[in-house]
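Coordinate-derived values only; no laboratory data. Everything numeric in this text was worked out from a predicted model, so none of it was measured. A quick note on method: Cβ atoms are made from the backbone with ideal geometry, for glycine too, and the neighbour counts reach across all protein chains shown.
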Amino acid sequence: MRFFLIIISIFVFLLSCGKRNAVPKEFIQPDEMGSILWDMSLAEDLVENMHRRDSGLDKKTKIAIEYQKVFGLHKVTEKDFRDSYTYYKSHPAIFKPMLDTVHARSERRRTEFFKMRT
């Protein structure tokens, strides 16, 4: 009987840990949110490079246009993104690993790029 209670306790503990970091369904899920953030970063880089060639470019407007393209690509609205972003900002245990993954992806790409150039 005691063994049975220990097993049940461990099971309940594991279930509670798993649900603590579960993202509610009304928000963009972490993998998709990470992909959106990655694409937004690429869009910002694109606009920055365009601005270097054409200083008359309205960066703020162009970035907004590129963000809309990203939202369309991922089939989310700006409101969905903003609501999800707000949720993640208030849950750093979920948000930080997501940002770390995006950063690691960026570092891998940068390393690959410089290996190709040498």
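When both residues are 6+ apart or on different chains and their Cβ atoms are under 6 Å apart, which pairs have a first residue that lies in segment 46-64 and is more than 24 Å from LYS79 (Cβ to Cβ), and a second that is in a helix (DSSP H, G or I)?
Listed pairs, sorted by first residue: HIS51/LYS59; LEU57/MET50; LEU57/HIS51.
Give segment 93-118 a look and list any residue that's surrounded by 10 or more Cβ atoms within 10 Å (Cβ to Cβ), touching a residue at least 12 places away in the same chain (Cβ under 8 Å) and small (Gly, Ala, Ser), or say none.
Passing the criteria: only SER106.
If we only count helices (runs of 4 or more DSSP H) wholly inside segment 14-100, which ones have 3 or more residues that are within 13 Å of the chain's Cα centre (by Cα), of a type in the set (A, V, I, L, M, F, W, C) and closer than 20 Å to ARG110 by Cβ?
Working: elements: 30-53, 59-74, 78-89.
Filter on segment 14-100 gives 30-53.
Somewhere in segment 57-72, is a residue among the hydroxyl-bearing types (Ser, Thr, Tyr), on the phi < 0 side of the Ramachandran plot and loosely packed, with under 11 Cβ neighbours inside 10 Å? Steps first, please.
Step one: of segment 57-72, the residues among the hydroxyl-bearing types (Ser, Thr, Tyr) are 61, 67.
Adding the requirement that they be on the phi < 0 side of the Ramachandran plot leaves 61, 67.
Checking the rest, the ones that are also loosely packed, with under 11 Cβ neighbours inside 10 Å come to 61.
Within segment 57-72, one or more residues are among the hydroxyl-bearing types (Ser, Thr, Tyr), on the phi < 0 side of the Ramachandran plot and loosely packed, with under 11 Cβ neighbours inside 10 Å.
Regarding LYS115, is this residue over 23 Å from PRO30 (Cβ atoms), in a helix (DSSP H, G or I) and not polar (S, T, N, Q)? Break it down stepwise before answering.
On the way: over 23 Å from PRO30 (Cβ atoms): yes; in a helix (DSSP H, G or I): yes; not polar (S, T, N, Q): yes.
It is true that LYS115 is over 23 Å from PRO30 (Cβ atoms), in a helix (DSSP H, G or I) and not polar (S, T, N, Q).
Those residues that are within 17 Å of LYS89 (Cβ to Cβ) and touching a residue at least 12 places away in the same chain (Cβ under 8 Å), I need them from segment 26-45; list them, please.
Pass one, segment 26-45, residues within 17 Å of LYS89 (Cβ to Cβ): 26-30, 32-34, 36-37, 40-41.
Listed by number, the residues that qualify are GLU26, PHE27, ILE28, PRO30, GLU32, MET33, GLY34, ILE36, LEU37, MET40, SER41.
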